[in-house]
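The values are calculated or read from the model by the stated rules, or taken from the named source; none is laboratory data. None of these values were measured; they are calculated from a predicted model. Neighbour counts run over all protein chains shown; Cβ positions are idealised from the backbone, glycine included. With ligands, DNA and RNA removed, areas are computed over all heavy atoms of the protein, side chains included. Shrake-Rupley method; radii C 1.70, N 1.55, O 1.52, S 1.80 Å.
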Amino acid sequence: MQTKDEYIECKASELKEWSAQIDSLTAEAKSAADDVNHQYVEELDALHDKQKAAAEKLKELKESSGDALESLKETADTTWDDLKTGISNTVDKFK
């Protein structure tokens, strides 16, 4: 079983990696044709919202303890899955 610090470190690492992917997608969108760029913008806006939710959840995890931590882990895992799926779908859509 992971400790709180290990869990948070894992989530922080994943968020950092995914943030880099979102930055890369944003750069691609800027160089895309106008019609494709519009589609990218909508997808990236949704990803940025999910990224912000994950960052907020990470902050809550760092500040939590005991039973609150266990409850937050469940919602954090859902938030992370949502962001991961969103990135994967966006990458697949614009390949």
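Hey, any hits in the range 40-63 for a residue that's of a type in the set (S, T, N, Q) and in contact (Cβ under 8 Å) with a residue 40 or more places away in the chain?
Scanning the range 40-63 turns up no residue that is of a type in the set (S, T, N, Q) and in contact (Cβ under 8 Å) with a residue 40 or more places away in the chain.
Applying the selection to the range 53-95, what residues are in a loop (DSSP other than H, G, I, E, B), out of contact with any helix residue (DSSP H, G or I) (no Cβ under 7 Å at 6 or more places or on another chain) and open to solvent by less than 90 Å² (accessible area, probe 1.4 Å)?
Ser65
Where residues in the range 1-17 are assigned to a helix (DSSP H, G or I) and hydroxyl-bearing (Ser, Thr, Tyr), which of them is surrounded by the fewest Cβ atoms within 10 Å (Cβ to Cβ)?
The extreme case among them is Ser13.
In this structure, does Lys30 turn out to be of a type in the set (Lys, Arg), in a helix (DSSP H, G or I) and surrounded by 15 or more Cβ atoms within 10 Å (Cβ to Cβ)?
No, not satisfied.
Looking at the range 33-52 only, could you name the residues that are open to solvent by 50 Å² or more (accessible area, probe 1.4 Å) and within 11 Å of the chain's Cα centre (by Cα)?
Across the range 33-52, the qualifying residues are His48, Asp49, Lys50, Lys52.
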